[in-house]
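A short worksheet on the structure shown next.
The values are calculated or read from the model by the stated rules, or taken from the named source; none is laboratory data. Small disclaimer: the values here were computed from a predicted structure and weren't measured. Reconstructed Cβ throughout: ideal geometry from the backbone, glycine too, with neighbour counts over all protein chains shown.
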There are 4 protein chains.
Amino acid sequence: MKIAVIGAKGRMGQAMSAGVEQTDGLELVAQLDAGDEITTESLNGAEVAIEFTRPDSTLKNTLAVIGAGVHCVVGTTGWTDEGLDQVRELLETKPGVGAIIAPNYALSAVLAMSFAKKAAAYFESAEVIELHHPNKVDAPSGTALTTAKGIAQARREAGLGPMPDATETDPGGARGANIDGVHVHAVRLRGLTAHEEIVFGNPGEQFTIRTDSFDRESFFPGVLLAVREVSGRPGLTYGLDQLMDI
Amino acid sequence: MKIAVIGAKGRMGQAMSAGVEQTDGLELVAQLDAGDEITTESLNGAEVAIEFTRPDSTLKNTLAVIGAGVHCVVGTTGWTDEGLDQVRELLETKPGVGAIIAPNYALSAVLAMSFAKKAAAYFESAEVIELHHPNKVDAPSGTALTTAKGIAQARREAGLGPMPDATETDPGGARGANIDGVHVHAVRLRGLTAHEEIVFGNPGEQFTIRTDSFDRESFFPGVLLAVREVSGRPGLTYGLDQLMDI
Amino acid sequence: MKIAVIGAKGRMGQAMSAGVEQTDGLELVAQLDAGDEITTESLNGAEVAIEFTRPDSTLKNTLAVIGAGVHCVVGTTGWTDEGLDQVRELLETKPGVGAIIAPNYALSAVLAMSFAKKAAAYFESAEVIELHHPNKVDAPSGTALTTAKGIAQARREAGLGPMPDATETDPGGARGANIDGVHVHAVRLRGLTAHEEIVFGNPGEQFTIRTDSFDRESFFPGVLLAVREVSGRPGLTYGLDQLMDI
Amino acid sequence: MKIAVIGAKGRMGQAMSAGVEQTDGLELVAQLDAGDEITTESLNGAEVAIEFTRPDSTLKNTLAVIGAGVHCVVGTTGWTDEGLDQVRELLETKPGVGAIIAPNYALSAVLAMSFAKKAAAYFESAEVIELHHPNKVDAPSGTALTTAKGIAQARREAGLGPMPDATETDPGGARGANIDGVHVHAVRLRGLTAHEEIVFGNPGEQFTIRTDSFDRESFFPGVLLAVREVSGRPGLTYGLDQLMDI
């Protein structure tokens, strides 16, 4: 399968290009970056384009790829509902062309979020601990926020009330952030990359889901899954979990 | 809801009786044990019977409960296909009566096995580490065996080949047991009860599912789930995962 | 060795009595509780008394044991400097008699605190995560506070500056409590007892010390160590780490 | 402080050069590799040389550095007692010159081994789980072997007998390798680098020490410690733990 990488000079784009070159059955036929026009010619016969650029250019790039009749796998974040609608509309005019846009291509993170939502209905207690490198400017991580909200929603749908918590005194805020009733803790530690641990508790038992991302190459298996699936899924698919049998 | 406990003097039965008494909406109306006959009278108006006895008496008990027109939740292990068939046949003559038989009522263990099978298709590597108290006579645990076989089957169905493993020298057998291609490790440690950790790996990422059972009261939430579901599920249901939205 | 247990009807006292009875070489000769006078007669020939009572009675009990010429191992918390001084003074009049008073007899917790202080000088980052049952009223735990302060002091003595932390936005307080510059996180989860994880980070590496207390019987090995050492240590010894070769 | 790196083109040497350049107070004045002669001139005024080469050249390199009157920090493995003796003899003729040779510069691994030996005397049970990338050819790892032997020796010195283990049936060898009575388990997982978990157990409690090495840059803090200490330690120092207050 012939592949183009868009955003090829960026760190993710470089990792994707390397991944494509090391994968049997994939051929890297185009590497485009800012300043390169995205056309049938510049895509050079690619059947699928992998797009990892920036929030302010991903919509334009994606529309250009689809306009050229090429399937598109998009890893750039920051999509708005309006942007997704524009992609859907364009895809309606291009029968057979597919686009997969996902906020996270790390398989373990996608599995963790999906499993956490499923497990949440069955436990009295649930908390989220995320651990990242100390250069991160925001706490908690977006993944932890999404995880906590998913747990909270699953608990509501299951008719569960508030979690047990007898805390009366916590002068320093050790109990962390309360996201829709789910406590979230953020650790910052030199040497780490991106990690999340979700803990559930019932009388006499604990259940834990953990995901460790050590390196940005961890996104490639998820991108590869999308690359292999996209031609069989015309229209827009949002979220990697849609491709997974979970 | 009125509940009978069968095997009420055993350790599990005692835990179940205590659980029933502590749960709003449940009423313990009968506690039977070896020597007590199971009849409409001795069941004393129970709507559901919880059966935790021994492999050599569970079939007879279960048939007696169903024969009395009472729903049955069975936690005793050691069921044969023939035994299950006998239960199915009797249930056909008792429309509206349900029986739930499950090899494991620990919710976290049931979730772990289910999620491990789902995750297995998406990772290059997977291994199982089980940790138990040092009085356990067999290694690995039955749960770890089942987990490993489930992972192996999921990998086959996904078309995955053998896991990467360059080991050439391992004089002492540190790589553990190889169960259908999945390495299983058994730790025995004073202070532990029953724990299982399932680790998955891809380039740049790790995914971990862990279950810790600290106490036999950890079976009660699963039994409670079955008690609440059994009246709505006529016939035989095998396995707690059948009741769960996972 | 002949042993008396003081506070024998309390939960810790019962666990201690059970531990003594199950240990070869120890003989339980007296079990005293509130209302029993502590005298040479009531101690019934004991060589060592184990005292687990309440903060408001431990000083009086300890002085009475020492006054009777019996070695004393004290597990009750809440000691003041004045109380310790009274014990020291009385011991000076009883040459050969020893007393060991310690705030924590869980060996793993004592080791964790000691090792954490030693390790702290060698890492850029360190944080503490404590996890407890949800009935706990205060956060963070006293052990976590002591651990964090120990780490902070060791860092100061090693001339280390603040830990790296680029956090700019943390609207919900996910970064937890800041104890002398060490972030402390408190998790409350049904099913847990008392657990602490101390994480250290340097470029490319993480170091973790974890202690899990599942049951109050976890105090017995530490008490046993003290019982065996106390007769060889006249005067007052404060803290279990003083008995350990760490 | 002026630093030379010997073996500068190797992967470790490159990491060391990068580390030196990024550290305030260090200046990289020479980068030598195979083919370069090690002389006062080629060392170019270096006060300390960092040597990461190969087992068959490290002795010659180290003697040459010392011969030039320069302190030496050696990270190459494979040293024999005879080699160490030759270094000691040469150092006797060079008063004030120091050499530090260590089999492991990862601070967390050095701490883990030291703490494991100290903790071993206080627990009934201890096992070692090492986890590595799947390209590793030997199992268990050298670090795990050393750790297990250290634990076994500490137990003997403390007069502890065999660990509790009721295992009767283990057809596949799930209990792993038995190293002097300490069970060692080796996990191989894509995505991992080098990790070790040491678990200790007593009634009611578990104690865990874990070290994760994600990247070879994890050796630099240990090398830096040696570089700063070597000028104050004339003669040969073997093992990083000798420099640490642990």
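Scanning for something over 19 Å from D:Gly173 (Cα atoms), within 11 Å of another protein chain (Cβ to nearest Cβ), of a type in the set (S, T, N, Q) and surrounded by fewer than 19 Cβ atoms within 10 Å (Cβ to Cβ), does segment B:172-179 turn up at least one residue? Give the derivation first.
Step one: of segment B:172-179, the residues over 19 Å from D:Gly173 (Cα atoms) are none.
No - not one qualifying residue is present in segment B:172-179.
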Subset of segment A:95-114 [within 14 Å of chain B (Cβ to nearest Cβ) and among the β-branched types (Val, Ile, Thr)]: A:Val110
Flag for C:Glu229 being among the charged types (D, E, K, R) and crowded, with 21+ Cβ neighbours inside 10 Å: no
Restricting segment A:121-156 to residues that are among the hydroxyl-bearing types (Ser, Thr, Tyr) and buried (at least 20 other Cβ atoms within 10 Å of the Cβ), the residue that is nearest to A:Gln206 (Cα to Cα): A:Ser125
Of all residues making up segment C:149-171, the number that are under 29 Å from C:Phe214 (Cα atoms) and either facing chain A (nearest Cβ under 10 Å) or basic (Lys, Arg) (or both): 1
Residues that are touching a residue at least 24 places away in the same chain (Cβ under 8 Å) and not in a helix (DSSP H, G or I), drawn from segment B:56-77: B:Ala68, B:Gly69, B:Val70, B:His71, B:Cys72, B:Val73, B:Val74, B:Gly75, B:Thr76, B:Thr77
Residues that are outside any helix (DSSP H, G or I), surrounded by 14 or more Cβ atoms within 10 Å (Cβ to Cβ) and either in contact (Cβ under 8 Å) with a residue 60 or more places away in the chain or of a type in the set (A, V, I, L, M) (or both), drawn from segment C:34-48: C:Ile38, C:Ala46, C:Glu47, C:Val48
Failed criterion for A:Val65 (all others in (1) more than 14 Å from every other protein chain (Cβ to nearest Cβ); (2) farther than 22 Å from A:Arg228 by Cβ hold): (2)
So B:Gly25, is it buried (at least 21 other Cβ atoms within 10 Å of the Cβ) and over 30 Å from B:Ile198 (Cα atoms): no
C:Ala166 vs. criteria surrounded by 23 or more Cβ atoms within 10 Å (Cβ to Cβ), farther than 26 Å from D:Ala112 by Cα and without any contact (Cβ under 8 Å) to a residue 12 or more places away in the chain: no
Some residue of segment B:196-204 being modelled with pLDDT of 95 or more, touching a helix residue (DSSP H, G or I) at 6+ places or on another chain (Cβ under 8 Å) and within 30 Å of B:Leu26 (Cβ to Cβ): yes
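In this structure, does A:Asn135 turn out to be out of contact with any His (no Cβ under 8 Å at 6 or more places or on another chain) and more than 24 Å from C:Phe123 (Cβ to Cβ)?
Values: out of contact with any His (no Cβ under 8 Å at 6 or more places or on another chain): yes; more than 24 Å from C:Phe123 (Cβ to Cβ): no.
The answer is no for A:Asn135.
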Enumeration of residues in segment C:115-141 that are within 17 Å of the chain's Cα centre (by Cα) and more than 12 Å from chain A (Cβ to nearest Cβ): C:Phe115, C:Ala116, C:Lys117
Set C:Arg228, C:Arg188, C:Arg216: member being modelled with pLDDT under 95 and farther than 30 Å from D:Ala106 by Cα: C:Arg216
Candidate set: segment B:207-220, residues that are of a type outside the set (Ser, Thr, Tyr) and surrounded by fewer than 23 Cβ atoms within 10 Å (Cβ to Cβ); chosen: the one farthest from the other protein chains (Cβ to nearest Cβ): B:Arg216
Some residue of segment A:206-229 being farther than 26 Å from A:Ala102 by Cα and either touching a Lys or Arg at 6+ places or on another chain (Cβ under 6 Å) or not β-branched (Val, Ile, Thr) (or both): yes
Some residue of segment D:192-206 being surrounded by 22 or more Cβ atoms within 10 Å (Cβ to Cβ) and over 25 Å from C:Lys117 (Cα atoms): yes
Members of segment B:180-202 found to be facing another protein chain (nearest Cβ under 10 Å) and more than 18 Å from D:Ala177 (Cα to Cα), listed by number: B:Arg190, B:Gly191, B:Leu192, B:Thr193, B:Ala194, B:His195, B:Glu197, B:Val199, B:Phe200, B:Gly201, B:Asn202
